[in-house]
Amino acid sequence: MTARSRIAAVYLLGFALDLANMFALNAAYPALQRELRASLAQLAWTSTIYVLGLTAVIPLGAWLARRFGERRLLIASLSLFALGTLGSGASGSIGALLGWRLLQGLGGGLLIPVGQTMAYRAYPSHARAHLTSVVMAVALLVPALSPAFGGIVADRCSWRAIFFAMAAPAVLACALAAVWLPRDGANPRPAPLDLPGLGLSTTALVALLLGLSFAGQAGQGRVAAAALALAFAAGLAYLVQARRARAPLLDLSLLAQPQLRVGLIVYLCVPGVFAGANLVAFLYFQNALGLSATRSGALMMPWAAAAFAAIATTRRCFARYGARPLFACGIVVEAFALAALATPLAESDAGRVIAFAAMGFGASLCTSAAQSAAFVDVPAARMGDASALWNLNRQLSFCLGVALLGSALGALLPLYGAAARTAYQHCFVLAAALTLLPLPWVARLPAVRVGATTSSVSSQPHE
């Protein structure tokens, strides 16, 4: 293996672990609830608190990498993640499990952006589309296979065995990182930590995630509104503070890079909205159309097949045509597929298969093109800051999409009463409209080939 392949392998193993940790437990929730005597709210928090830890620590990753070195930080993150995984499996109460899940999230939150920074810096610009295709394949396969793995392990052993099974590859990844990753050089001491920025950004992110979580719970409207108001105020204060700080925690000046900026917007409005639309669709199929869970779940098979076709398309076409046509095609296909769910087409098996295949192609075309485009024009020395912005946006996209469309459905269903189908259909129309929002930004992207920027990006000094 080449040096850059080893770096990518460590990153991809860590990425797969993070994804498996988010999805493998789904099928084991009933067993976990029975053994630990957890309420439904506590059960929901086993996922929420992991995402909270994951998201809250991301802004700190770039500064820690400059302070302690990327290799050391990645090994420490994997060790923390492995410790949290073992602790989760050994938990004797729901409170202990929540504490260990938070520790897992703190480790995983540093793992992904730091590993992504090292991997994308190791590849020249013209080769990053290939790396992205592998990343997207992992992002498709692991969430698809993890629930089945978790269900088998929970049925034959215990929900605890799911965590213990994930601890072994975490330890392996830690060992590979120690052996394969290049040793940290003598980096210049970074600027002092932006403590006001850390406080404001953490407050904004945690309040936002809590607000989105409570927004979907009955009777929690005031709590959700207060949390979202706090998130808005803290976020606004951070923007003011970041303009004055000598070394802000999150380098928002990177948003001046058109491809990174548009990639973030596309990710927010296409994969993020799809996450919410997918929730609404499965409720619609089972509650309104009377489909079984098995028939509904099987629709992810054509979705996954089309998603792989989209990844292959990006790999072949990105270097030649750039991001703009891929974004435009993916957005339009995704919007039409979502709108089709609001028509009688969704009432037939063939129609649902066509719609989900189109959604798989459209969403994955946008996702893979966005990840390929986001880092093309970012200098190597600023890759860590760009990765922090990218991963924050990725986490928030799915939370926002689910919260927005879930809340819309919750508000519409009581209004329509017996005509529940209309409420679902209006949510699909809303999702299609939200998906189209990035088109004005996409249209303003320069029509340049990636190869034209390769020499300027590759000439940047490496850390």
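The values are calculated or read from the model by the stated rules, or taken from the named source; none is laboratory data. Predicted model only: the values in this text are computed from it and were never measured. Glycine gets a Cβ as well: all are built from the backbone with ideal geometry, and neighbour counts include every protein chain shown.
Miscellaneous remarks
- Residues in region 272-288 that are surrounded by fewer than 22 Cβ atoms within 10 Å (Cβ to Cβ) and of a type in the set (A, V, I, L, M, F, W, C) were compared, and the one that is farthest from GLY401 (Cα to Cα) is ALA288.
- Of all residues making up region 213-248, the number that are within 22 Å of GLN42 (Cβ to Cβ), in contact with a Gly (Cβ under 9 Å, 6 or more places away or on another chain) and surrounded by 14 or more Cβ atoms within 10 Å (Cβ to Cβ): 7
- Whichever residue in region 332-376 is in contact with a Pro (Cβ under 6 Å, 6 or more places away or on another chain) and of a type outside the set (Ser, Thr, Tyr) and, among such residues, is surrounded by the most Cβ atoms within 10 Å (Cβ to Cβ): ALA363
- Verdict on ALA381 being among the aliphatic types (A, V, I, L, M), touching a Pro at 6+ places or on another chain (Cβ under 8 Å) and over 13 Å from GLY263 (Cβ atoms): yes
- Of all residues in region 1-42, those that are in a helix (DSSP H, G or I), touching a Leu at 6+ places or on another chain (Cβ under 8 Å), over 30 Å from MET118 (Cβ atoms) and of a type outside the set (Ser, Thr, Tyr) total 4.
- Which listed residue, of LEU405, LEU445, is at pLDDT 85 or above, buried (at least 16 other Cβ atoms within 10 Å of the Cβ) and within 22 Å of ARG324 (Cα to Cα): LEU445
- Note on region 286-299: residues that are in a helix (DSSP H, G or I), within 18 Å of LEU345 (Cβ to Cβ) and under 25 Å from the mean Cα position of the chain (by Cα) amount to 1.
- Of the residues making up region 42-72, those that are within 18 Å of LEU181 (Cα to Cα) and buried (at least 22 other Cβ atoms within 10 Å of the Cβ) number 4.
- Pairs are defined by a Cβ separation below 7 Å, a sequence spacing of at least 6 or placement on different chains, a first member in region 30-56 that is touching a residue at least 60 places away in the same chain (Cβ under 8 Å) and over 16 Å from SER88 (Cβ atoms), and a second member that is crowded, with 18+ Cβ neighbours inside 10 Å and of a type in the set (A, V, I, L, M, F, W, C); the pairs so defined are THR55/LEU205; THR55/LEU209; THR55/LEU392; ALA56/LEU205; ALA56/VAL206.
- Filtered residue count, region 1-39, keeping only those that are more than 21 Å from SER158 (Cβ to Cβ) and touching a helix residue (DSSP H, G or I) at 6+ places or on another chain (Cβ under 8 Å): 16
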